[in-house]
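Okay, so here's the structure we're looking at.
Computed from the coordinates by the stated procedures, all read-outs in this text should not be read as laboratory data. Note that the structure is predicted; figures quoted are calculated from it, not measured. Backbone-built Cβ (ideal geometry, glycine too); neighbour counts: all protein chains shown.
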Amino acid sequence: MSAVGTPTFDQLRIFLAVVETGSFAAAGRRLNRAVSVVSYGVANLEAQLGVLLFDRAGTRRPQLTEAGRAVLAEARTVASGMDGLKAKVQGLLEGWEAEVTLAVDVMLPAARLGALLRAFAVHCPTVTLRLHVEALGAVAALVLDRRAAIGLSGPLPGGTDGLETRAAGSVPLVPVSAPDHPLARMERITPGAGRDHVQLVLTDRSPLTDGRDFAVLSPRTWRLADLGAKHQLLREGIGWGNMPLPLIEPDLVAGTLVRLAMPDDPGGTYRFHAISRRDRPPGPGGTWLVEQMVALGLEDRPLPGAADL
């Protein structure tokens, strides 16, 4: 059995041009090559691979053989990879980063994050993105530790003097529970009633927010590092807690959660900040993301009377 040779990229490009245009002559016109050069390139490719790629008998148009159809998929993969390589290098030559690492607060509505990253993929197609979703001070910690170039953080903890910050909108947090929770069954929630029940509290492992509580009322708490787990435990009726309104609006409509009219814990406004290190400003891709985060935040409208958390 003879060994398979290594085709050149030019041979694969000629092969793809014949397939896509339907003839050797049309491929020659696309590539600005003589028909004889196209035919020679295909013949050399077939010799390298040891298989016939086109059935040329009895037809004016070259037809792919079974082997040709198998090779076609791989040739397209190689061509796509080469196009990606050229685009990446071109982006580097134009000053774009090879990669941007972004850290975002878990409270950021998923729809906004999706819109932001979809636009980033279109505007910065050669820049790879690495995304971290964290809670509370962990976002600022990632940026300060240089593990993320930029971040979209919630309320900034102490020890963040080295950060460049810009306001980037907000999200309302509201107290909720399952409909069968004792607080939900009260006709009127009295001041201090929340202290008698378990409050589910979002926490994180960052030293920047170690020991700091946000809107914690009850001395009985379950502390969770995952917002999704908190969401599910609220549905199960295990406790009550504050949640971002966009996330739980479907639950309020479906009745799986109810909003609590708590006089001493009405919720509040959770404000976002676009952040980066002052001594390490982001490149063009990161800067574009920061500008978009700030612009999207201008559309936010805090709930009337809601205080900042």
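Were the residues from residue 121 through residue 82 laid out at 0.36 nm apart, the gain over their Cα-Cα distance would be 12.1 nm. Ordered by the number of other Cβ atoms lying within 10 Å of each residue's own Cβ, fewest first, 128, 221, 101 fall into the sequence 128, 221, 101. Measuring r between the beta carbons of residue 308 and residue 30 and using R0 = 45 Å, the FRET efficiency lands at 0.15. A Förster distance of 30 Å, applied to the separation of the beta-carbon atoms of residue 145 and residue 261, puts the FRET efficiency at 0.15.
Dipole size of the chain about its Cα centre, with +1 on Lys/Arg Cβ and -1 on Asp/Glu Cβ: approximately 940 debye, rounded to the nearest 20.
Within the set (i) 90, 46, 39; (ii) 66, 52, 33; (iii) 70, 47, 34, the number that Cα extents along the principal axes in Å takes when calculated for this structure is listed as (i). Averaged over residues, the count of other Cβ atoms within 10 Å places the peptides 186-199, 143-156 in the sequence 143-156, 186-199, highest first.
Of the DSSP H helices in the chain, those that are both long (alpha-carbon extent of 15 Å or more along the helix axis) and hydrophobic (Kyte-Doolittle mean at least 0.5) are 9-21, 35-49, 110-123, 284-297. Need one number: % antiparallel among DSSP beta bridges in the chain, to the nearest 5. Approximately 55 percent, going by the DSSP bridge assignments.
Label positions at residue 63 and residue 180, each projected 7 Å from the Cα along the C-beta direction, are separated by 6.8 nm. Sorting the segments 69-81, 40-52 by their mean number of nearby beta carbons within 10 angstrom, highest to lowest, gives 40-52, 69-81.
For residue 238, list long-range residues whose amide hydrogen, built 1.01 Å from N in the peptide plane, is under 5 Å from its own amide hydrogen. Answer set, sorted by chain and number: none.
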